[in-house]
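*Asks:* Could you have a look at this structure, given as structure tokens, before my questions?
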Amino acid sequence: MEEARPRYDGKQGRLERERAAREQAEAELARYKRVHALTYADLGDSLAAQARADEAVAAWAQALTLMEGMTSDRTRKTITSLRSTLSMYQRRKVPGAAELARRAREALA
């Protein structure tokens, strides 16, 4: 038997729908946090390969944020792999690269 969906009417209904959607999104993010982190890291790699440095830095920053507290071998390898590109971006003075390199260094410490 299918579960009855709550009825949302008016402004209060829209607020309740938004709250429910946010709760579901947060629950899914927590459940698949590592997958999301690795996906953002892959996105950053793809953007870097297309010479889209600012966007790559932003994607990697999101990946590092999601990786906070993770200790898996795969996340460590991912962080290690982006550091060489970040050092090049630092020399080029790409906005955010120096801060991201610092965060990556701390994540590996």
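The values are calculated or read from the model by the stated rules, or taken from the named source; none is laboratory data. Since this is a predicted model, take the numbers as computed values, not measurements. Reconstructed Cβ throughout: ideal geometry from the backbone, glycine too, with neighbour counts over all protein chains shown. When the accessible area is computed, the model is the full protein with side chains, heavy atoms only, and any ligands, DNA or RNA have been set aside. Shrake-Rupley method; radii C 1.70, N 1.55, O 1.52, S 1.80 Å.
*Asks:* Give me the angle, in degrees from 0 to 90, between the Cα long axis of helix 33-49 and the longest principal axis of the Cα atoms of the chain, rounded to the nearest 10.
*Replies:* Around 50 degrees separate the two axes.
*Asks:* Once neighbouring chains are kept in place and the probe is 1.4 Å, which whole percent of the accessible area of the chain is contributed by carbon and sulfur?
*Replies:* Ligands and nucleic acids excluded, carbon and sulfur give 50 percent.
*Asks:* Give the accessible surface of the chain per residue, rounded to a whole number of Å², with probe radius 1.4 Å and ligands, DNA and RNA excluded.
*Replies:* Heavy-atom accessible area per residue stands at 72 Å².
*Asks:* Scan (1) 115; (2) 123; (3) 152 for the value of volume of the Cα convex hull per residue in Å³ calculated from this model and give just the label.
*Replies:* Among (1) 115; (2) 123; (3) 152, the one calculated here is (3).
*Asks:* While we're looking at this one, here's another question. Show me the ranking of peptides 59-67, 96-104, 31-39 by mean Cβ neighbours inside 10 Å, starting with the highest.
*Replies:* Highest to lowest by the protection proxy: 59-67, 96-104, 31-39.
*Asks:* Take Arg22 and Lys93, extend 7 Å from each Cα along the Cα→Cβ direction, and tell me the distance between the two endpoints in nm.
*Replies:* 4.0
*Asks:* Okay, moving on. Could you work out how much longer the chain between Arg31 and Glu55 gets when fully extended? Use 0.36 nm per residue separation minus the Cα distance between them, nm to one decimal.
*Replies:* Gain on extension, Arg31 to Glu55, equals 6.1 nm.
*Asks:* Hey, another quick one. With axes computed from alpha carbons, what is the tilt in degrees of helix 53-67 against the longest principal axis of the chain, rounded to the nearest 10 within 0 to 90?
*Replies:* Once rounded, the angle reads 60 degrees.
*Asks:* Continuing with the same structure: If I model a spin label at Ser84 and Thr39 as a point 7 Å from the Cα along the Cα→Cβ vector, what separation in nanometres do I get?
*Replies:* Here the modelled spin labels are 2.8 nm apart.
*Asks:* How much mean residue ellipticity at 222 nm does the chain get from its helices, if each DSSP H run of length 4 or more adds -39500 (n - 2.57) and you divide by all residues, to the nearest 500 deg cm²/dmol?
*Replies:* Values: 5 runs with 85 residues, N = 109.
Computed ellipticity for the chain at 222 nm equals -26000 deg cm²/dmol.
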